[in-house]
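Written out below as structure tokens is the structure these notes cover.
The values are calculated or read from the model by the stated rules, or taken from the named source; none is laboratory data. Not measured: the values here are computed from a predicted model. No Cβ is skipped: glycine too gets one built from the backbone with ideal geometry, and neighbour counts run over all protein chains shown.
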Amino acid sequence: MNSLNIADYLVFIVYFVIVASYGYWVYNKKKKAVTDTHDFFLAEGSLTWWAIGASMIASNISAEQFIGMSGDGFFVGTAVAAYEWIAALALIIIAIWFMPIYLKNKIMTMPQFLTNRYNSAVALIMAIFWLFLYVFVNLTSILYLGAVAINGLLGGEYLHTIMIFLSIVALIITLGGMKVIGYTDVIQVAVLIIGGLATTYMALSIVGEKLGMGASALAGFQALMKDSPEHFKMILEKPHAGSSNLDIQKYVVLPGIAMYFAGQWIVNLNYWGCNQ
């Protein structure tokens with residue numbers, strides 16, 4: 001059974017207390033003041049560029065990436081990064097062509113944009129669709145995967161308790177609007193970067209140690225490059241008649257160069273530019 005020591009528990013407790021307390025403090029502060037949709041969605045225009053950037057990254061990276069995409073990476077390889085490469089290009093397009101339109105017309109949400117462009121019926125359909133998608137797909141999967149990870153560390157007996165706890169913390173943060181989300185996401189990004197680098201370093205060190213090359217992250221990385229070079233191809237080759245069933249399955253998941261020219265553009269432009 002996996003177990004955590006006192007230091008591990010302290011890290012979790014301090015992290016949740018800081019994030020949740022800040023969210024609750026801003027929520028109470030806002031509750032006493034007159035607020036509107038501009039305040040809630042745009043944080044009164046008070047967010048700095050670095051807070052906005054951090055919020056975008058933190059809102060995007062979650063258990064889906066740390067668990068889901070890591071699993072895809074184990075199965076397919078680094079080619080799974082195609083999703084993020086296209087996202088980077090999509091963000092440039094959105095910043096240059098989408099954002100000026102939103103700012104010029106003072107658009108805060110997509111239902112508002114659809115109301116102005118078409119009518120309220122179209123906006124309502126879109127709002128209901130996204131609401132159901134987020135509640136029953138996005139948020140549910142993120143909370144579940146996060147709970148699975150923490151549950152595995154705690155021994156496998158607290159899944160539902162963890163999901164409830166994570167839901168409460170998420171609710172407290174969200175009630176404060178974008179100002180709370182924006183600045184708490186700065187904390188989230190720092191934790192994600194430090195945690196991601198630490199996890200990568202420890203994993204590679206363990207690989208090196210298990211292969212008798214010493215507890216060295218560099219040795220572990222070199223061992224992976226030598227043993228599984230196919231996992232470091234950014235574009236998968238199209239299967240041929242002699243390809244294995246495994247190669248065909250990988251190509252079905254990530255269809256080579258087509259990933260960079262097909263539907264991923266629609267997904268990323270929608271996700272980053274039309275998602276509120």
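State all residues of the range 133-162 that are closer than 18 Å to SER59 by Cα and of a type outside the set (Gly, Ala, Ser); if no residue qualifies, say none.
The initial filter retains those residues of the range 133-162 that are closer than 18 Å to SER59 by Cα, namely 133-147.
Once the filter is applied, which keeps residues that are closer than 18 Å to SER59 by Cα and of a type outside the set (Gly, Ala, Ser), the range 133-162 yields LEU133, TYR134, VAL135, PHE136, VAL137, ASN138, LEU139, THR140, ILE142, LEU143, TYR144, LEU145.
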*Spot the failing condition for ASN116; the list is (1) surrounded by fewer than 15 Cβ atoms within 10 Å (Cβ to Cβ); (2) within 20 Å of ILE266 (Cβ to Cβ); (3) more than 19 Å from the chain's Cα centre (by Cα), and only one is missed.*
(2)
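Counting residues that are modelled with pLDDT of 75 or more, which helices (runs of 4 or more DSSP H) fully inside the range 1-94 reach at least 2?
Where helices (runs of 4 or more DSSP H) fall fully within the range 1-94 and carry at least 2 residues being modelled with pLDDT of 75 or more, they are 6-31, 49-60, 70-75, 82-93.
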*In the list ALA198, ALA215, ALA258, which residue meets the criterion of being farther than 30 Å from ILE96 by Cα and surrounded by 13 or more Cβ atoms within 10 Å (Cβ to Cβ)?*
ALA215
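Is the range 177-186 home to any residue that is surrounded by fewer than 14 Cβ atoms within 10 Å (Cβ to Cβ) and assigned to a helix (DSSP H, G or I)? Give the derivation first.
We begin by selecting, within the range 177-186, every residue surrounded by fewer than 14 Cβ atoms within 10 Å (Cβ to Cβ); these are none.
No, the range 177-186 has no match at all.
Just checking, does the range 234-246 include any residue being assigned to a helix (DSSP H, G or I) and either of a type in the set (Phe, Trp, Tyr) or within 28 Å of ALA87 (Cβ to Cβ) (or both)?
Residues of the range 234-246 assigned to a helix (DSSP H, G or I): 245-246.
Filter once more, so that each one left must be either of a type in the set (Phe, Trp, Tyr) or within 28 Å of ALA87 (Cβ to Cβ) (or both): 246.
For the range 234-246, residues assigned to a helix (DSSP H, G or I) and either of a type in the set (Phe, Trp, Tyr) or within 28 Å of ALA87 (Cβ to Cβ) (or both): present.
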